[in-house]
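J.: Just dropping this structure here.
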Amino acid sequence: YAFFEKVFVYKDLRAVYWCIHDETALAEAEVEYENHTSPAIWVKYPLQDDPAKLDPALGGKKVFTVIWTTTPWTLPASRAVAFHPEEEYVAIESGDEVYIVATKLANAFAEKVGLTAPRKLAHFPGKKLEYGNFRHPFLDRAILGVLADYVTMDTGTGVVHTAPSHGAEDFATGVKYKLDRHTDVDASGVLHHGLPEYDGKKVFEANAPIVELLKKRGVLMHAEKLEHSYPHCWRCHNPIIFRATEQWFISMETPM
């Protein structure tokens, strides 16, 4: 009660670890890591701006950026694509399309998705893509280009799809860029207000139909299975998710 009396206690919307089996939030100390198999996918997001503004060599081209994710079920909540501000990005042409990915991962990306005769057209820093306008791969939604230092160059494409309601770092980016942070995933992990292909399904069950939907829309470049370390609930030992929800917190920064 003394904490509450001295205004240390507050309620806030935050993306926290959430167990869909026990329907409860988890603290970091309540999370255990176990092996888990996830679908890893490479997905195209079309650029809506005039590509010539990025580089004259891209004028009149069909340009996309490509994200890599192991949680297809979070794509309905995708609001932005994040680039690292200090890293270099490259535009690769193959056939009649151009793909923007991190230069450090470009060769691995081209090999993984099987690009035919890839040709590098232009290079530019990630910060040039801030506030770029993209389109969601299957929803009628604008996607914003944002910058984030947590984008890594060790795997994927160097471009991170950002779902503010389903990740701690994503949530912070959502606050910074004033993105929509509400969630359509309920306490038991069921998706709502989505397309018929995945609406009403639990998050992990929604992965397969969302991958199929991406195939039908012609935006899936590659898919494979990935075994990796994944957070699980210490009580029921089921895999958990990040979910934006209102919780009570005790501030560790309020002056005593």
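J.: Collect the residues in segment 14-44 that are among the basic types (Lys, Arg) and either without any contact (Cβ under 8 Å) to a residue 24 or more places away in the chain or in contact with a Lys or Arg (Cβ under 7 Å, 6 or more places away or on another chain) (or both), keeping them in residue-number order.
T.: Narrowing segment 14-44 to residues among the basic types (Lys, Arg): 14, 44.
Across segment 14-44, there are no qualifying residues.
J.: On to the next question. Kindly provide the set of residues from segment 186-206 that are of a type in the set (A, V, I, L, M) and touching a helix residue (DSSP H, G or I) at 6+ places or on another chain (Cβ under 6 Å), ordered by number. Spell out how you get there, then give the answer.
T.: So the first thing to find is which residues in segment 186-206 are of a type in the set (A, V, I, L, M), and the list is 187, 190-191, 195, 203, 206.
Result: 191, 203, 206.
J.: Also, quick follow-up: Return yes or no: is residue 165 in contact with a Phe, Trp or Tyr (Cβ under 8 Å, 6 or more places away or on another chain), over 19 Å from residue 90 (Cα atoms) and of a type in the set (Ser, Thr, Tyr)?
T.: On the way: in contact with a Phe, Trp or Tyr (Cβ under 8 Å, 6 or more places away or on another chain): yes; over 19 Å from residue 90 (Cα atoms): yes; of a type in the set (Ser, Thr, Tyr): yes.
When the stated conditions are applied, residue 165 passes them.
J.: Could you give me the residue pairs with C-beta distances under 6 Å whose first residue belongs to segment 167-187 and is touching a residue at least 60 places away in the same chain (Cβ under 8 Å) and within 17 Å of residue 20 (Cβ to Cβ), whose second residue is surrounded by 13 or more Cβ atoms within 10 Å (Cβ to Cβ) and hydroxyl-bearing (Ser, Thr, Tyr) wherever it lies, and which are 6+ apart or on separate chains?
T.: Once the first residue is touching a residue at least 60 places away in the same chain (Cβ under 8 Å) and within 17 Å of residue 20 (Cβ to Cβ) and sits in segment 167-187, its partners that are surrounded by 13 or more Cβ atoms within 10 Å (Cβ to Cβ) and hydroxyl-bearing (Ser, Thr, Tyr) give 183/165.
J.: When segment 34-81 is examined, which residues are found to be open to solvent by less than 50 Å² (accessible area, probe 1.4 Å) and among the hydroxyl-bearing types (Ser, Thr, Tyr)? Quick ask: steps written out before the conclusion?
T.: Taking segment 34-81 first, the residues open to solvent by less than 50 Å² (accessible area, probe 1.4 Å) are 36, 38-47, 51-52, 54-55, 57-59, 63-67, 69-81.
Listed by number, the residues that qualify are 38, 45, 65, 69, 70, 71, 74, 78.
J.: If you go through segment 216-235, how many residues are outside any strand (DSSP E or B) and exposed (fewer than 12 other Cβ atoms within 10 Å of the Cβ)? It would help to see each step written out before you state the result.
T.: In the first step, residues of segment 216-235 are kept if they are outside any strand (DSSP E or B); the result is 216-219, 234-235.
After this cut, where a residue has to be exposed (fewer than 12 other Cβ atoms within 10 Å of the Cβ) as well, the list is 216, 218.
Qualifying residue count for the region: 2.
J.: Moving on to the next point. Give me the residue from segment 6-33 that is over 21 Å from residue 78 (Cβ atoms) and among the small types (Gly, Ala, Ser) and, out of that set, most open to solvent (accessible area, probe 1.4 Å). Lay out the reasoning, then the answer.
T.: Kept after step one, since they are over 21 Å from residue 78 (Cβ atoms), are these residues of segment 6-33: 6-12, 19, 21-33.
Okay, now just the ones that are also among the small types (Gly, Ala, Ser), so 25, 27, 29.
Working: 25: 27, 27: 52, 29: 91 Å².
Result: 29.
J.: All but one of (1) at pLDDT 95 or above; (2) exposed (fewer than 15 other Cβ atoms within 10 Å of the Cβ) hold for residue 180; state the number of the condition that does not hold.
T.: (1)
J.: Shifting gears a bit: Could you list, in sequence order, all residues of segment 72-123 that are closer than 23 Å to residue 38 by Cβ and over 22 Å from the mean Cα position of the chain (by Cα)?
T.: Passing the criteria: 111, 114.
J.: In this structure, does residue 208 turn out to be part of a strand (DSSP E or B), modelled with pLDDT of 95 or more and open to solvent by less than 70 Å² (accessible area, probe 1.4 Å)? Can you show your working first?
T.: Working: part of a strand (DSSP E or B): no; modelled with pLDDT of 95 or more: yes; open to solvent by less than 70 Å² (accessible area, probe 1.4 Å): yes.
Criteria not met by residue 208.
J.: Another question, if that's okay. Restricting to segment 108-161, count the residues that are in a helix (DSSP H, G or I), open to solvent by less than 40 Å² (accessible area, probe 1.4 Å) and within 17 Å of residue 44 (Cα to Cα).
T.: As a first pass, look at segment 108-161 and keep what is in a helix (DSSP H, G or I): 108-113, 126-129.
Going one step further and asking which of them are open to solvent by less than 40 Å² (accessible area, probe 1.4 Å), we end up with 109-110, 113, 126, 129.
Of the ones still in play, those that are also within 17 Å of residue 44 (Cα to Cα) are 109-110, 113, 129.
Residues flagged as in a helix (DSSP H, G or I), open to solvent by less than 40 Å² (accessible area, probe 1.4 Å) and within 17 Å of residue 44 (Cα to Cα) within segment 108-161 amount to 4.
J.: Also: Can you tell me which residue within segment 90-107, out of those that are out of contact with any Pro (no Cβ under 7 Å at 6 or more places or on another chain) and open to solvent by less than 10 Å² (accessible area, probe 1.4 Å), is nearest to residue 61 (Cα to Cα)?
T.: Here the answer is 98.
The values are calculated or read from the model by the stated rules, or taken from the named source; none is laboratory data. What you are looking at is a predicted structure, and each value in this text was computed from that prediction instead of being measured. All Cβ positions, even for glycine, are placed from backbone atoms using ideal geometry, and neighbour counts span all protein chains on display. With ligands, DNA and RNA removed, areas are computed over all heavy atoms of the protein, side chains included. Shrake-Rupley method; radii C 1.70, N 1.55, O 1.52, S 1.80 Å.
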